[in-house]
Amino acid sequence: MKRLTDLEIIQGIRDKDPTILKFLYDKYYPLVNINLSEHSATETEVEDVFQEAILLIYRKIKDGTLHLNSNFKNYFLSVTWYIWIKELRTKNNQSRLIEDYNYLQDDYVEHNVTDKEYKLHMQYKLYQKYFKKLTKKCRKILKWHLKNVPLKEIAKKAGLKDEKSVKKRKYACKEQLIRLIKDDERFDLYHGDE
Amino acid sequence: MKDLTYIMEMNKEISKYLSGEMDAQTEKEFEQKLSNDTALRNEYELHKEIQNALGEEDIMELREKLGEYGPSTRQKKRFRLKWGDALTAAALVTLFIGIGMLWMYHSQITNPDELYASYFEPYPGIYSQRSIDADSESGTLKQKAFLAYEQENWEKAQNHFDELLLLQPEKAEYDFYAGMLDLKLNDTPEAINHFHTVLDKADPLLEDQTIWYIALAHLKEKNIEKSVEYLQKIVKEDLANKKKAMKLLRRIE
């Protein structure tokens, strides 16, 4: 594969370009894997952190808050590191490791991801996770409603009797979503005040 | 701590407010309440955040895409490929063994779609009339749902089971039939989701059947590796549908 410039990588992430996404996994995953598994991350955790790093960077590109101080590779690694430290802090009985990370964190300050950005990202991840667990019809109704599709049209599309049924169904779907979200043990962590 | 009824009431009001369904006066009153009631304000913030999160279609799409590039998914794909190679090799060996054998090989149905079609039958609509409280909202709906199911009015039945799941999300039975209907209406990934929810809810009466239908659903998705995994589980653990699973395994492998 040809060498990619940092700009090409950033544009590729912004465009969700499969070639660039595959490139990230091919080139950086082994490094992240070594880095994090040396600090107690399991295979699944490494995969999760890697994925969230790409998504966080995508969000920053979209918001126009991405600033590279050195090169993309270092930046990317520092984001994964930041996420892993945060993840460790949410776990119990990892106090010794957290101390290690507090020390190591100074070496990885390039990520420029603020705690506020991270918290919002994880909050939305939680909400989106449970949205996907709703029935297909619920997901569609909530989406149509978000896009301001008229109730009459939603009724027709969803095969419901009338506008009143749509309202009732929409409300029930939202109730279920909120219940699922609130039942998650991480809800208080991300939703509570700092 | 606010009680559940209060929270449900709050949620209703918030939904109405956010959808612009309130008249000017009620809206003003609601805004007043919002500034005085911390619990209401917290719920309102949550609603708004959820609304924003659901609007992030690009992020959800990207997360799904990234799932395909992760090493664990790639490993599975590689395995599937190897399995495919093995099948091809087996077919070639068969070819060399003799024309007679080849004829026999081809006379068997090995196409996943055809195999699925020959094994899939919607599970009968089993429910007890006595256990239904016909006066309650869910009771009436349940009657309607099973009636539509028995009459093979699949779309209508799906609508009713979806509603039942909203009223009683804890009932594994409704997820089971919702999954069955998704299979019937060709939404296989959704069917697999529902069936896994049934397994999560650990209803012993539905577990065996659910595993059988998960195996069939994966076959329909042409995910042979997964289908074989569930069929082998049926055989190994001596679950219901063991004979059918053995036959199907022979035809796949």
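Relative to the longest principal Cα axis of chain A, at what angle does helix A:18-37 sit, 0 to 90 degrees, rounded to 10?
60
Given a Förster radius of 51 Å and the C-beta distance between B:Glu253 and A:Thr5 as r, what FRET efficiency does 1/(1 + (r/R0)^6) yield to the nearest 0.05?
The formula returns an efficiency of 0.55 here.
Going by a ≥ b ≥ c, the root eigenvalues of the Cα gyration tensor, does region B:186-253 fall in the rounded group (a/c under 1.5), the prolate group (a/b larger than b/c) or the oblate group?
Since a/c reaches 1.5 but b/c is at least a/b, the shape of region B:186-253 is classed as oblate.
DSSP loop (so not H, G, I, E, B), at most 13 other Cβ within 10 Å: list which GluC sites (Glu not before Pro) in region B:207-251 pass both filters.
Sites meeting the loop and neighbour criteria: B:Glu237.
Under the Karplus relation 6.51 cos²θ - 1.76 cosθ + 1.60, θ = phi - 60°, what is the ordered set of whole-Hz ³J(HN,Hα) values for region A:161-170, x standing for Gly and Pro?
Result, rounded to whole Hz: 4, 7, 5, 5, 5, 5, 4, 4, 5, 4.
At 1.4 Å probe size, what's the solvent-accessible area of B:Asp58? Round to the nearest 10 Å².
Surface accessible to solvent at B:Asp58 totals approximately 40 Å².
Only loop residues by DSSP count here, and only those with at most 13 other Cβ atoms within 10 Å; note down the trypsin sites (Lys or Arg not before Pro) in region A:144-192 that meet that. Could you put the intermediate results ahead of the total?
Numbers: sites: A:Lys147, A:Lys152, A:Lys156, A:Lys157, A:Lys161, A:Lys164, A:Lys167, A:Lys168, A:Arg169, A:Lys170, A:Lys174, A:Arg179, A:Lys182, A:Arg186; in loops: A:Lys147, A:Lys161, A:Arg186.
Those that pass, being in a loop and sparsely packed, are A:Lys147, A:Lys161.
Filter the GluC sites (Glu not before Pro) in region A:126-182 down to the DSSP loop ones having no more than 15 other Cβ atoms within 10 Å, then list what survives.
Sites meeting the loop and neighbour criteria: none at all.
Charges only on Cβ, +1 for Lys and Arg, -1 for Asp and Glu: so what's the dipole of region A:140-194 about the Cα centre, in debye to the nearest 20?
760
If you plug each phi of region B:56-62 into the Karplus form 6.51 cos²θ - 1.76 cosθ + 1.60 with θ = phi - 60°, what whole-Hz ³J(HN,Hα) values come out, in order, with x for Gly and Pro?
For region B:56-62, the Karplus-derived couplings read 7, 4, 5, 5, 5, 5, 5 Hz, x marking Gly and Pro.
Would region B:116-221 count as rounded, prolate or oblate if I go by the C-alpha gyration tensor, calling it rounded below 1.5 in a/c and otherwise prolate when a/b exceeds b/c, oblate otherwise?
Prolate, because a/c is 1.5 or more and a/b exceeds b/c.
Compute the distance in nm between two label points, each set 7 Å from the Cα along the Cα-to-Cβ direction, one at B:Lys48 and one at B:Lys65.
Label at B:Lys48, label at B:Lys65, 3.1 nm between them.
Rounded to the nearest 0.05, what FRET efficiency do B:Arg41 and B:Glu114 give with R0 = 35 Å and r taken as the Cβ-Cβ distance? Could you check?
0.05
Tabulate in residue order the Karplus-calculated ³J(HN,Hα) for region B:156-172, using 6.51 cos²θ - 1.76 cosθ + 1.60 with θ = phi - 60°, rounded to whole Hz; enter x for Gly and Pro.
Working through the residues one at a time gives 5, 4, 4, 4, 5, 5, 4, 5, 4, 5, 6, 6, 10, x, 7, 7, 5 Hz.
Over 28 Å between C-alpha atoms is what I'm after, so list which of A:Lys133/A:Lys157; A:Lys60/A:Lys136; A:Lys132/B:Lys201; B:Lys142/B:Lys222 land there.
A:Lys60/A:Lys136; B:Lys142/B:Lys222
Return the Rg/Rh value of chain A, two decimal places, where both radii are evaluated on C-alpha atoms and Rh is the Kirkwood radius.
1.06
The values are calculated or read from the model by the stated rules, or taken from the named source; none is laboratory data. Computed from a predicted structure; not experimentally measured. A quick note on method: Cβ atoms are made from the backbone with ideal geometry, for glycine too, and the neighbour counts reach across all protein chains shown. For the accessible areas, the whole protein counts, side chains as well, though only heavy atoms, and no ligand, DNA or RNA atoms are used. Shrake-Rupley method; radii C 1.70, N 1.55, O 1.52, S 1.80 Å.
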